[in-house]
1. Can you tell me which residue in region 26-80 is nearest to the chain's Cα centre (by Cα), limited to those that are more than 23 Å from G118 (Cα to Cα) and of a type in the set (S, T, Y)?
2. Can you name every residue in region 77-110 that is surrounded by 15 or more Cβ atoms within 10 Å (Cβ to Cβ), in a loop (DSSP other than H, G, I, E, B) and touching a helix residue (DSSP H, G or I) at 6+ places or on another chain (Cβ under 8 Å)?
3. Going by what's in this entry, would K114 be described as charged (D, E, K, R), over 17 Å from P25 (Cβ atoms), touching a residue at least 60 places away in the same chain (Cβ under 8 Å) and not in a helix (DSSP H, G or I)?
4. Considering only region 122-140, how many residues are on the phi < 0 side of the Ramachandran plot and assigned to a loop (DSSP other than H, G, I, E, B)?
5. Consider K68 carefully, then state whether it is touching a residue at least 60 places away in the same chain (Cβ under 8 Å) and out of contact with any strand residue (DSSP E or B) (no Cβ under 7 Å at 6 or more places or on another chain).
6. Could you check region 141-165 and list, in sequence order, the residues that are of a type outside the set (F, W, Y) and assigned to a loop (DSSP other than H, G, I, E, B)?
7. Kindly establish whether L148 is loosely packed, with under 14 Cβ neighbours inside 10 Å and aliphatic (A, V, I, L, M).
8. Just to verify a result, which residue in region 20-55, among those that are over 20 Å from P164 (Cβ atoms) and in a strand (DSSP E or B), is most open to solvent (accessible area, probe 1.4 Å)?
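The values are calculated or read from the model by the stated rules, or taken from the named source; none is laboratory data. Just so it is clear, the model here is predicted, and its values are computed rather than measured. No Cβ is skipped: glycine too gets one built from the backbone with ideal geometry, and neighbour counts run over all protein chains shown. In case anyone asks, the SASA skips ligands and DNA or RNA and just uses the protein heavy atoms, side chains included. Shrake-Rupley method; radii C 1.70, N 1.55, O 1.52, S 1.80 Å.
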Amino acid sequence: MRPVMAAALMLGLFDIGAAQAATKPVVGEMAPDFELTLIDGSKVSLAELKGQVVLLNFWATWCVPCRKELPTLDSYYGLQKKHGLKIFAITTEGSVPIAQLKQLFAAMHIPSAKRIKGPYGPLTGVPTNFVIDRAGRLRYAKSGAFELDDLNALLVPLLNEQPPA
């Protein structure tokens, strides 16, 4: 009886592992769903953003490249949001008081999130960026800060694509 139970348990664990592996974000495949909890408490899911180009930016206040990248992303968002771009800045620090984050983002246009549910997060460090196209396909996932030229090279072609019917 024990070998049968062990086999069933192993089979069950294999299925769980396969399901978890299937939900990991993989460039070129459909992006797994997520739910963001924004600083104001509202929630946004990937399904609600269909037809838009989405950039998820994971950052930290202590990260020097992040502090340089955020104003660039904010300016870029201000120019491109009318073309269907959504950028979300997601803090990786649970210890930063929400009041401090609210003050920081009150001066910015990028929606900020205090939490994300889903298989996204920093890859090898911060900043980490994920870009999802209008059809919901993950097109970019890397650690490292964007420069303006990088944003244009990656996002302008995606913003020029037609939204799915």
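1. Y77
2. G84, M108, I110
3. Working: charged (D, E, K, R): yes; over 17 Å from P25 (Cβ atoms): yes; touching a residue at least 60 places away in the same chain (Cβ under 8 Å): yes; not in a helix (DSSP H, G or I): yes.
So K114 fits the description; yes.
4. Applying the first criterion (on the phi < 0 side of the Ramachandran plot) to region 122-140 yields 122-124, 126-135, 137-140.
Add one more test, that the residue is assigned to a loop (DSSP other than H, G, I, E, B), and what stays is 122-124, 126-127, 133-135.
So the count comes out to 8.
5. On the way: touching a residue at least 60 places away in the same chain (Cβ under 8 Å): yes; out of contact with any strand residue (DSSP E or B) (no Cβ under 7 Å at 6 or more places or on another chain): yes.
Judged against the criteria, K68 is a match.
6. If we filter region 141-165 for residues that are of a type outside the set (F, W, Y), which is where we start, we get 141-145, 147-165.
Listed by number, the residues that qualify are G144, A145, E147, E161, Q162, P163, P164, A165.
7. Details: loosely packed, with under 14 Cβ neighbours inside 10 Å: yes; aliphatic (A, V, I, L, M): yes.
It is true that L148 is loosely packed, with under 14 Cβ neighbours inside 10 Å and aliphatic (A, V, I, L, M).
8. First pass over region 20-55, keeping only residues over 20 Å from P164 (Cβ atoms): 20-24, 35-43.
Going one step further and asking which of them are in a strand (DSSP E or B), we end up with 35-38, 43.
Working: E35: 57, L36: 0, T37: 10, L38: 20, K43: 110 Å².
In this case the residue turns out to be K43.
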